[in-house]
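Colleague: Sharing a structure below in structure tokens format, with a few things to ask.
Values in this text are rule-based calculations from the coordinates and carry no lab data. Computed from a prediction, not measured in an experiment: that's the story for all the values here. Using ideal geometry, Cβ is built from the backbone for each residue, glycine included, and neighbour counts are taken over all protein chains shown.
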Protein chains: 2
Amino acid sequence: MALQPPPAGPDFTRGDGLLPAIAQDAATGEVLMLAFMNAEAYAETLATGRAVYYSRSQGRLWRKGAQSGHVQEVQQIYLDCDADAILLKVVQHGPGACHEGYRSCFFRRVTPAGLEIAAPRTFDPNAVYGEET
Amino acid sequence: MALQPPPAGPDFTRGDGLLPAIAQDAATGEVLMLAFMNAEAYAETLATGRAVYYSRSQGRLWRKGAQSGHVQEVQQIYLDCDADAILLKVVQHGPGACHEGYRSCFFRRVTPAGLEIAAPRTFDPNAVYGEET
């Protein structure tokens, strides 16, 4: 196996400049969500200590919790071996990360009979959100 | 917020047919790796109960552990709210998921001084791998 130099940071030359970022609850290990970051979102996350993503659908930075107050305080950041995926250990403020009203976006479990809701709703999204989560 | 019908399964019309898939240790919650799945990889994962990804670099299915024996036995699968990200709860067989010889691919932590190795090496990748991990 050829030796490769260790990465200096996320490799935003990959994935058309958008790398997947996992937000994991720093205390419980629960995976809260997956979103994408561009270099600007990553830099702002480092600078502010709050998770900032890049919204592919809206084509702009997505400061998680800007509207809802459900910010993600970043405690640690890890990169994977290829430096093209990012893992954030976060403190999720508020009742949840998901715009559908759940603590984790991964609230649907695959079963032989189809998808089932596998977690309780923790808040009413209609009371919280317009378009910014 | 407009009502949307719940998804029937992963939405492979998104992400050019490749969706990010997180492998998480079912027992400890450790995030082991992130890779991508196409519809065929997802179907084979469901059918076999072992994680199968799609290698973007090699342009073909990637049956995790085919060479190393470090297979991932899938215990549960979750989809996120938009059905465009997949979470696998797995039993990682063997000493680790990472082709660099670590249990998790996320073994590098971001620090103010740069990246640091944050986990012990659990195996010698030279002794295990050619090209299939």
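Colleague: How big is the charge dipole of the protein assembly as shown about its Cα centre, in debye rounded to the nearest 20, if each Lys and Arg gets +1 on its Cβ and each Asp and Glu gets -1 on its Cβ? Could the numbers behind the result be given before it?
Modeller: Values: 22 positive and 30 negative charges, 45 e Å.
Computed about the Cα centre, the dipole is about 220 debye.
Colleague: Turning to a different aspect of this structure: Taking GluC sites (Glu not before Pro) as candidate sites, keep only those in a DSSP loop with at most 16 other Cβ atoms within 10 Å, then name the longest stretch of chain B containing none of them.
Modeller: Values: sites that count: B:GLU131, B:GLU132.
Between the exposed loop sites, the longest stretch runs B:1-130.
Colleague: Same structure, new question: Given the options B:HIS70, A:PRO10, A:GLN58, identify the residue whose Cα lies farthest towards the positive end of the charge dipole of the protein assembly as shown (+1 on Cβ of Lys, Arg; -1 on Cβ of Asp, Glu).
Modeller: Checking the options against the dipole of the protein assembly as shown, the answer is B:HIS70.
Colleague: Rounded, prolate or oblate: which one fits region A:56-133, using the alpha carbon gyration tensor with axes a ≥ b ≥ c (rounded when a/c is under 1.5, else prolate when a/b beats b/c, else oblate)? Walk me through the intermediate numbers first.
Modeller: Numbers: a/c = 1.69, a/b = 1.13, b/c = 1.49.
Oblate, since a/c reaches 1.5 and b/c is not below a/b.
Colleague: Once the Cα atoms of helix A:39-48 and of chain A are each reduced to a long axis, what angle between those two axes, in degrees from 0 to 90 to the nearest 10, is obtained?
Modeller: 70 degrees
Colleague: Given the DSSP H assignment, sum -39500 (n - 2.57) over each helix run of at least 4 residues in chain B and divide by its residue total; what's the result at 222 nm in deg cm²/dmol, nearest 500?
Modeller: Numbers: 1 runs with 10 residues, N = 133.
Calculated from helices alone, the mean residue ellipticity at 222 nm is -2000 deg cm²/dmol.
Colleague: Compute, for chain B, the length of the dipole vector about the Cα centre, with Cβ point charges of +1 (Lys, Arg) and -1 (Asp, Glu) only. Units Debye, rounded to 20. It would help to have the intermediate numbers written out before the result.
Modeller: Numbers: 11 positive and 15 negative charges, 43 e Å.
Dipole size: approximately 200 debye.
Colleague: Let me ask something additional. Name the chain A residue with the Cβ nearest the axis that maps A onto B: which is it, and what is the distance in angstrom?
Modeller: A:GLY29, 1
Colleague: Starting from the Cα of A:LYS64, draw a straight line to each of the aspartates and glutamates and keep only those under 20 Å, dropping any in the same chain fewer than 8 residues away.
Modeller: A:ASP25, A:GLU30, A:GLU40, A:GLU44, A:GLU73, A:GLU100, A:ASP124, A:GLU131, A:GLU132, B:ASP80, B:ASP82, B:ASP84
Colleague: With the label 7 angstrom out along Cα to Cβ, how close does B:ARG56 come to the same site in each of the other copies, in nm, nearest first?
Modeller: 0.9
Colleague: A further question follows. Lys/Arg Cβ at +1, Asp/Glu Cβ at -1, dipole of the protein assembly as shown taken about the Cα centre: which of A:ALA23, A:LEU46, B:PRO95 is farthest positive-ward?
Modeller: With unit charges placed on the Cβ atoms, the residue in question is B:PRO95.
Colleague: Rounded, prolate or oblate: pick one for the protein assembly as shown, where a ≥ b ≥ c are the square roots of the eigenvalues of its C-alpha gyration tensor, a/c under 1.5 means rounded, and failing that, prolate if a/b is larger than b/c, else oblate. Walk me through the numbers on the way to the answer.
Modeller: Values: a/c = 1.73, a/b = 1.23, b/c = 1.40.
Oblate, because a/c is 1.5 or more while a/b does not exceed b/c.
Colleague: Then there is this: If you average 1/r over all unlike Cα pairs in chain A and invert the result, what Kirkwood radius do you get in angstrom?
Modeller: 15.7 Å
Colleague: On to the next question. Grab the beta carbon distance between B:THR28 and B:SER57, set R0 = 35 Å, and tell me the FRET efficiency rounded to 0.05. The partial results should precede the final answer.
Modeller: Details: r = 29 Å, r/R0 = 0.82.
Computed FRET efficiency for B:THR28 and B:SER57 comes out at 0.75.
Colleague: With the cut-off at 1.5 for a/c, could you classify region B:24-94 from its C-alpha gyration tensor as rounded, prolate or oblate? Numbers along the way, then the final one.
Modeller: On the way: a/c = 1.57, a/b = 1.03, b/c = 1.52.
Because a/c hits 1.5 or more and a/b fails to exceed b/c, region B:24-94 counts as oblate.
Colleague: Considering chain B as a Gaussian network with a 10 Å cut-off on Cα pairs, which listed residue, B:PRO95, B:PRO112, B:PRO20, attains the greatest mean-square fluctuation?
Modeller: Looking only at B:PRO95, B:PRO112, B:PRO20, the largest GNM fluctuation is found for B:PRO112.
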